[in-house]
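*Asks:* This is the structure I have questions about; it appears just below.
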Amino acid sequence: MKGSLLILLFCFCFIGVSFAAADSAATVQKTDTAIKKFNYEAATQAYMDSIPQKDKAKSDAYFEGGYWLILWNLIYGIAVVVIFYFTGIAVWLKKLVTRISKNSNIQNFLYVAIYALISYVLSFPLGVYVGYFREHQYNLSNLSFVQWLREEMISLGLAVVFGSLVIMVFYIFIRRTGQNWWKWCTGIALIFLIIGALVAPVFISPLFNKYQPLADTKVKEGILSMARANNVPATNVYQFDASKQSDRISANVSGFAGTTRVSLNDNLLKQCTPQEIQAVMGHELGHYVLNHIYKMVAMFLIIIFIGFAFVNWALNKVLARGTFRSMIVDLKDIAGYPLLMLIFSVFMFFATPVFNTIIRTQEIEADMFGLNTARQPDAFARVAIKLSTYRKMNPGYWEEIFFFDHPSGHNRILEAMRWKAEHLNEGVGKQ
Ligand SMILES: [Zn+2]
């Protein structure tokens with residue numbers, strides 16, 4: 001009895017397996033013909049060809065100019081530090097802060113705050129060109145000069161207050177732990193990174209834009225449904241007036257636990273169809289579900305650790321040479337801060353491709369999550385085209401690795417069309 005049951009079971013299993021095999025063979029065959037009918041590379045090219053040549057030339061020029069700006073920023077930064085030290089400003093500032101207070105923490109805070117203001121003024125010519133004139137030259141900004149300046153002043157105010165506070169804490173550890181400061185300061189950097197990630201969406205973003213509950217209930221319900229389906233605990237969807245700054249479309253999912261929120265900018269709502277909004281939201285939910293923020297903080301921390309080790313090594317070498325002897329007493333002296341920052345920015349310059357690759361890798365993951373969730377490959381491709389105003393669409397292989405913090409438009413469309421080709425038998429793509 002037992003034996004015949006086993007045989008029966010075996011038969012069922014066998015029949016089951018052969019059915020499954022036949023089924024998958026049919027699927028493969030069906031998929032094969034579908035792919036043959038739908039050439040995803042040709043479909044990608046068709047999307048690429050839909051961009052007018054003169055628009056492509058313009059966005060290429062804008063984006064490629066950005067490569068040089070990374071270098072000019074560094075060179076300009078070096079010039080600012082040289083001016084600061086070798087025209088007597090450094091000595092003047094040190095005297096000023098020691099006269100104001102006898103407390104070394106207050107002295108350090110004031111030194112960094114005043115240095116930030118001096119450095120902002122000296123960097124203003126490059127800043128105003130990059131942030132205002134260049135953006136207008138390419139029709140990428142909607143801000144008037146006064147509006148632009150107002151935002152600059154808010155950013156400067158935040159940088160002066162919070163930046164100086166962070167550096168003041170760093171110098172407490174530099175004083176207490178000597179040559180081991182860089183290990184301790186990496187830990188401090190982690191705490192500030194987490195505070196920044198939690199505080200920024202709730203307190204900083206509203207200083208620049210007005211956030212309000214999303215008015216369109218149909219769009220809102222669609223997004224919340226997608227969030228629920230992916231276990232994202234968001235109950236609120238906000239819209240914000242990004243159109244005052246530019247026409248760029250964007251959205252994000254931020255916060256954690258009770259503060260989780262989905263925010264869409266008004267350009268996305270105005271310029272995109274419901275399918276395109278779904279495609280974008282699928283991507284944004286991907287960042288949240290895949291815990292990108294935590295992974296990013298962890299990876300940035302490793303880079304900061306290496307960066308601080310480099311700064312420690314280089315700063316000790318420079319101080320030993322004696323060029324700055326009359327201005328910087330030792331590692332603990334706050335007068336060494338501008339030099340320390342300069343060495344760190346040289347490190348960051350060389351780390352640019354690493355940073356870009358960390359972020360781009362997460363963006364590709366979010367793209368994939370979004371395609372699987374929203375199942376809107378064509379809408380996703382159309383969004384990639386809409387993003388082409390400020391990003392080069394089709395860079396070279398290494399160019400993308402070095403300079404792109406998102407996949408290029410071409411590769412995003414290719415991802416979408418390949419996904420579509422593999423899902424044609426499921427009825428995707430009929431829109
Ligand atoms: Zn993203």
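No value in this document is a laboratory result; all are computed from the given coordinates. None of the values given here were measured: they were computed from a predicted structure. Please note: Cβ atoms are built from the backbone with ideal geometry, for glycine as well, and neighbour counts cover all protein chains shown.
*Asks:* Within a 10 angstrom radius of the beta carbon, how do Val289, Val202, Val237 rank from fewest other beta carbons to most?
*Replies:* The most exposed by this proxy come first: Val202, Val289, Val237.
*Asks:* Take the cross-link list Lys102/Lys332; Lys54/Lys392; Lys56/Lys420; Lys270/Lys392; Lys210/Lys386; Lys58/Lys210 and give me the ones stretching past 20 Å between alpha-carbons.
*Replies:* Lys56/Lys420; Lys270/Lys392; Lys210/Lys386; Lys58/Lys210
*Asks:* Return the FRET efficiency for the residue pair Leu301, Lys37: r is the Cβ-Cβ distance, R0 is 60 Å, and the value is rounded to the nearest 0.05.
*Replies:* Efficiency for this residue pair is about 0.80.
*Asks:* Same structure, new question: Using a basic spin-label model with each label point 7 Å from the Cα along Cα→Cβ, how many nm lie between Phe349 and Ser250?
*Replies:* 2.6
*Asks:* Sticking with the crude label model, points 7 Å out along Cα→Cβ, report the distance from Leu117 to Leu156 in nm, one decimal please.
*Replies:* My value for the distance between the label points is 1.0 nm.
*Asks:* From the phi angles alone, apply the Karplus equation (6.51, -1.76, 1.60; θ = phi - 60°) to region 414-425 and give each ³J(HN,Hα) in whole Hz, x where the residue is Gly or Pro.
*Replies:* 4, 4, 5, 6, 5, 4, 4, 4, 7, 10, 4, 5
*Asks:* Now a separate question. Given R₀ = 22 Å, what would the calculated FRET efficiency be for His136 paired with Ile75, taking r from the Cβ atoms and rounding to 0.05?
*Replies:* Efficiency, from the Cβ-Cβ distance: 0.40.
*Asks:* With springs only between Cα atoms under 10 Å, which of Ser101, Ser119, Ser250 fluctuates most in a Gaussian network model of the chain?
*Replies:* Comparing Ser101, Ser119, Ser250 in a Gaussian network model of the chain, the most mobile one is Ser101.
*Asks:* Please figure out what share of the DSSP beta bridges in region 47-426 is antiparallel and state it in percent, rounded to the nearest 5.
*Replies:* Taking every DSSP beta bridge within region 47-426, about 60 percent pair in antiparallel fashion.
*Asks:* Hey, fewest Cβ within 10 Å first, where do Ser50, Ser155 land in order?
*Replies:* Ordered from fewest to most neighbouring Cβ atoms within 10 Å, Ser50, Ser155 come out as Ser50, Ser155.
*Asks:* Now a separate question. Be a star and scan region 319-360 for residues whose amide nitrogen sits under 14 Å from the point 7 Å along the Cα-to-Cβ vector of Val91.
*Replies:* Those under the cut-off are 324-329.
*Asks:* Which ³J(HN,Hα) values in Hz, rounded to whole numbers, follow from the phi angles of region 272-277 under the Karplus curve 6.51 cos²θ - 1.76 cosθ + 1.60, where θ = phi - 60° and Gly and Pro get x?
*Replies:* These are the phi-based 3J(HN,Hα) values: 10, 6, x, 5, 5, 4 Hz.
*Asks:* Cut-off is 10 Å between beta-carbons; in what order do Arg382, Arg321, Arg134, Arg150 appear when sorted fewest neighbours first?
*Replies:* In increasing order of surrounding Cβ atoms, one gets Arg321, Arg150, Arg134, Arg382.
*Asks:* Would you please put 68-80, 178-190 in order of how densely packed they are, using the mean number of other Cβ atoms within 10 angstrom per residue and starting with the highest?
*Replies:* By packing density, highest mean first, the sequence is 178-190, 68-80.
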